[in-house]
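Visitor: The structure under discussion is supplied below as structure tokens; questions concerning it will follow.
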Amino acid sequence: MEIGTGKSYAKIILLGEHAVVYREPAIALPVKSVGLSARVTPQPDGRQTVTSSFFTGNLNAGQLTNFAGIAMLIRRLLIFFNAKNQGFHLTITSALPSERGMGSSAATAVAVVRAFYDAFQTSLSHDTLLNWAAVSEKALHGNPSGLDAATASAERPQWFVRGKAPRSIMMPRNGVLLIADTGVAGQTKIAVGAVAERLKQDPKMYRPLIKDIGNTVRQAALALAQDDIITLGQLFNRDQADLSALGVSSPDLDRLINVAIDNGAYGAKLTGSGMGGCMIALAASDQAVAITTALKAANSAKVWEYHFESK
Ligand code: PMV
């Protein structure tokens, strides 16, 4: 084993979360200014240790924490490389807030897999990378669509349908996407489970919402191709109405969404699993400062600006 490194990015789902679990399309983009890196170094004394913002200690101790999925992934990687007892120290450095719908767990998995493949000097295909990332994502919330890992490992925005190869998709050439953190942890497992339960209990009521999200995403692809951010903003609002009816919004998300709209955004919605986490708003570039100021005044824990024309 040599020293190995791996990188990944935060992901933002523009449209299609939750419905993507049921094979409707989704559109997501990697946010390269918010990155995560993993570095693994061999440790001659055989100890297997980790330093990160969410877990620090022996790999074995990680089994009982929110690092459990990644700990399992690392053990399987070591078995794969025939190095079960190899000592190592893994350092994860991340600018992503965890549990905020920015794909922190998938980004961690992607960077860790890349670092171990690099350390064992083995080439890694994109398909294999996504299969490995699914190991910890499954442990974390049971039924992942694969969208998070696909986007955290991508260089370009993605059109994603579960079970199919992700495709790159054009983004607008103008306007700004504001990403605001409610400061409240999102609850991916609970939210995905709640939607599954509602679909089971009352399919007549909830199935059409999933279908409508899929249709919204298809229309958004057209708006993107036409560089029409006003229509795209309206589609954000329609998607948010469906997500809210599915029961995955929250009072904090609704408050920030309303603040963005009141301050001139074309549209705003939750991003990721919801029930906390982040919201996104789409606006003309010259509205960015006013909306960011208003979101901060409304107690958003953090606001990021993603200017499309500079990408
Ligand atoms: O909360 P996040 O960032 O893990 O996003 C989850 C996205 C869902 O569509 C709700 C679930 C999935 O696996 O796609």
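Visitor: Out of the residues in the range 123-145 that are crowded, with 22+ Cβ neighbours inside 10 Å and within 8 Å of the ligand (Cβ to nearest atom), which is farthest from ILE70 (Cα to Cα)?
Guide: It comes out as SER145.
Visitor: Condition (residue is aliphatic (A, V, I, L, M), more than 15 Å from the chain's Cα centre (by Cα) and surrounded by 15 or more Cβ atoms within 10 Å (Cβ to Cβ)) applied to the range 146-156: is it met by at least one residue? Don't jump to the end; show me each part of the working.
Guide: Applying the first criterion (aliphatic (A, V, I, L, M)) to the range 146-156 yields 147, 149-150, 152, 154.
Then keep just the ones that are more than 15 Å from the chain's Cα centre (by Cα); that gives none.
No, the range 146-156 contains no residue that is aliphatic (A, V, I, L, M), more than 15 Å from the chain's Cα centre (by Cα) and surrounded by 15 or more Cβ atoms within 10 Å (Cβ to Cβ).
Visitor: Is there any pair with a first residue in the range 243-256 that is within 14 Å of ARG100 (Cα to Cα) and of a type in the set (D, E, K, R) and a second that is in a loop (DSSP other than H, G, I, E, B) and within 13 Å of the ligand (Cβ to nearest atom) whose Cβ atoms are under 9 Å apart and which are 6 or more apart or on different chains, and what are they?
Guide: What qualifies is ASP252/THR182; ASP252/VAL184; ASP252/GLY276.
Visitor: Given the criterion in a helix (DSSP H, G or I) and within 16 Å of the ligand (Cβ to nearest atom), identify the matching residue among LEU253, LEU295.
Guide: Being in a helix (DSSP H, G or I) and within 16 Å of the ligand (Cβ to nearest atom) holds for just one of LEU253, LEU295, which is LEU253.
Visitor: Something else now. Do the conditions hold for ASP118, that is, is it surrounded by fewer than 21 Cβ atoms within 10 Å (Cβ to Cβ), more than 9 Å from the ligand (Cβ to nearest atom), modelled with pLDDT of 95 or more and among the charged types (D, E, K, R)?
Guide: It is true that ASP118 is surrounded by fewer than 21 Cβ atoms within 10 Å (Cβ to Cβ), more than 9 Å from the ligand (Cβ to nearest atom), modelled with pLDDT of 95 or more and among the charged types (D, E, K, R).
Visitor: Quick one: in the range 160-185, which of the residues that are within 14 Å of the ligand (Cβ to nearest atom) and buried (at least 19 other Cβ atoms within 10 Å of the Cβ) is modelled with the lowest pLDDT?
Guide: PRO166
Visitor: Could you tell me whether THR188 is more than 21 Å from ARG162 (Cα to Cα) and within 13 Å of the ligand (Cβ to nearest atom)?
Guide: It is false that THR188 is more than 21 Å from ARG162 (Cα to Cα) and within 13 Å of the ligand (Cβ to nearest atom).
Visitor: Between a first residue in the range 75-87 that is on the phi < 0 side of the Ramachandran plot and a second residue that is charged (D, E, K, R) and part of a loop (DSSP other than H, G, I, E, B), which pairs have beta carbons less than 7 Å apart while being 6 or more apart in sequence or on different chains?
Guide: Final answer for the pair search is LEU78/LYS84; GLY87/ASP45; GLY87/ARG47.
Visitor: All but one of (1) small (Gly, Ala, Ser); (2) assigned to a loop (DSSP other than H, G, I, E, B); (3) buried (at least 23 other Cβ atoms within 10 Å of the Cβ); (4) on the phi < 0 side of the Ramachandran plot hold for SER98; state the number of the condition that does not hold.
Guide: Just one mismatch for SER98, condition (3).
Visitor: Do you know which residues across the range 50-91 are within 21 Å of THR128 (Cα to Cα), touching a Phe, Trp or Tyr at 6+ places or on another chain (Cβ under 7 Å) and not in a helix (DSSP H, G or I)?
Guide: Within the range 50-91, just PHE81 meets the criteria.
The values are calculated or read from the model by the stated rules, or taken from the named source; none is laboratory data. None of the values given here were measured: they were computed from a predicted structure. When we count neighbours, we look across all protein chains shown, and the Cβ atoms used for this are built from the backbone with ideal geometry, even at glycine.
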